[in-house]
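Heads up: the structure comes next, in structure tokens.
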Amino acid sequence: MHDRLILNKITSVLNATDDSLIDDFIPFLDRANRIFVSGVGRSGLVSKFFAMRLMHTGHKVYIVGETTTTSIKSGDLFIVISGSGATETLLPLMRRARDLGAEVIGVSMKKKSPMADIADQIFALGAGSEYSFITVEGMPMGTVFELSALIFLESIIARIVHENGITEEQMRAIHANLE
């Protein structure tokens, strides 16, 4: 029963998400020299999932805060995932990336937020309002946004894989092998 509640809610959010968002998102990836991703908490985990998949498609990707992450500069892209669009620790990072000449985009549940004031573009899931993400029993504390964001971002990967003819073998060839 709960699996159906979860799937139905995520489906409703994704159905309310503008289909053109993927079309608008991919050019940011295509023109970036390097891609930096960040989020906090479970949104941070979603950002790491997305970073891994971007790496599997041949993009040069860094996770902000890791000790091996290099400096960001002009020509790079900074992707921030934050349901609220107001995560205090992310806003200064966004400003710094923008000041250094990187493009800055965000994935959020809100079209209007402090993050939207900084970013070059916000990709607002659902109807672009927190009302799309009203808590469903059994899906507390941001679960609806995080799972919706995960699927939205994985849809971008699926599109890249499909349109570029990337095979499973090609992806496996660059997958971690020191496991």
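The values are calculated or read from the model by the stated rules, or taken from the named source; none is laboratory data. Keep in mind that what you see is a predicted model, and the values were worked out from it rather than measured. A quick note on method: Cβ atoms are made from the backbone with ideal geometry, for glycine too, and the neighbour counts reach across all protein chains shown.
Identify the single condition in (1) at pLDDT below 95; (2) of a type outside the set (D, E, K, R); (3) not in a helix (DSSP H, G or I) that Asn8 does not satisfy, given that it satisfies every other one.
That leaves (3) as the condition not met.
Taking the stated definitions as given, is Met109 crowded, with 17+ Cβ neighbours inside 10 Å, at pLDDT below 95 and either aromatic (Phe, Trp, Tyr) or touching an Asp or Glu at 6+ places or on another chain (Cβ under 6 Å) (or both)? Talk me through it step by step, then tell me what you get.
On the way: crowded, with 17+ Cβ neighbours inside 10 Å: yes; at pLDDT below 95: yes; either aromatic (Phe, Trp, Tyr) or touching an Asp or Glu at 6+ places or on another chain (Cβ under 6 Å) (or both): yes.
So Met109 fits the description; yes.
If you go through the range 91-119 one residue at a time, how many are of a type outside the set (Val, Ile, Thr), under 20 Å from Leu21 (Cβ atoms) and in contact (Cβ under 8 Å) with a residue 40 or more places away in the chain? Give the steps one after another, and end with the answer.
Residues of the range 91-119 of a type outside the set (Val, Ile, Thr): 91-103, 106, 108-117, 119.
Next cut, under 20 Å from Leu21 (Cβ atoms) only: 94, 103, 106, 108-113, 115-117, 119.
If we keep only those that are in contact (Cβ under 8 Å) with a residue 40 or more places away in the chain too, we end up with 103.
Residues in the range 91-119 being of a type outside the set (Val, Ile, Thr), under 20 Å from Leu21 (Cβ atoms) and in contact (Cβ under 8 Å) with a residue 40 or more places away in the chain: 1 in total.
Taking the options Ser84, Ser155, Ser129, name whichever one is surrounded by fewer than 20 Cβ atoms within 10 Å (Cβ to Cβ) and either modelled with pLDDT of 95 or more or touching a Cys at 6+ places or on another chain (Cβ under 7 Å) (or both). Lay out the reasoning, then the answer.
Values: Ser84 fails: either modelled with pLDDT of 95 or more or touching a Cys at 6+ places or on another chain (Cβ under 7 Å) (or both); Ser129 fails: either modelled with pLDDT of 95 or more or touching a Cys at 6+ places or on another chain (Cβ under 7 Å) (or both).
Among Ser84, Ser155, Ser129, only Ser155 is surrounded by fewer than 20 Cβ atoms within 10 Å (Cβ to Cβ) and either modelled with pLDDT of 95 or more or touching a Cys at 6+ places or on another chain (Cβ under 7 Å) (or both).
Does any residue in the range 145-161 that is within 22 Å of Gly41 (Cβ to Cβ) come within less than 9 Å, Cβ to Cβ, of a residue that is acidic (Asp, Glu) and surrounded by fewer than 22 Cβ atoms within 10 Å (Cβ to Cβ) six or more places away or on a different chain, and which pairs are these?
What qualifies is Phe145/Glu130.
Would you call Arg34 of a type in the set (D, E, K, R) and touching a Ser or Thr at 6+ places or on another chain (Cβ under 8 Å)? Break it down into steps so the answer makes sense when it comes.
Working: of a type in the set (D, E, K, R): yes; touching a Ser or Thr at 6+ places or on another chain (Cβ under 8 Å): yes.
For Arg34, the condition - of a type in the set (D, E, K, R) and touching a Ser or Thr at 6+ places or on another chain (Cβ under 8 Å) - is met.
Going through Val40, Val107, Val46 one at a time, which residue ends up being more than 17 Å from Phe123 (Cβ to Cβ) and among the hydrophobic types (A, V, I, L, M, F, W, C)? Give the steps one after another, and end with the answer.
Numbers: Val107 fails: more than 17 Å from Phe123 (Cβ to Cβ); Val46 fails: more than 17 Å from Phe123 (Cβ to Cβ).
Exactly one of Val40, Val107, Val46 is more than 17 Å from Phe123 (Cβ to Cβ) and among the hydrophobic types (A, V, I, L, M, F, W, C), namely Val40.
Which one of Val61, Val46, Val37, Val13 is farther than 24 Å from Lys111 by Cβ, among the aliphatic types (A, V, I, L, M) and touching a residue at least 24 places away in the same chain (Cβ under 8 Å)?
Working: Val46 fails: farther than 24 Å from Lys111 by Cβ; Val37 fails: farther than 24 Å from Lys111 by Cβ; Val13 fails: farther than 24 Å from Lys111 by Cβ.
Just a single option satisfies the conditions, and that option is Val61.
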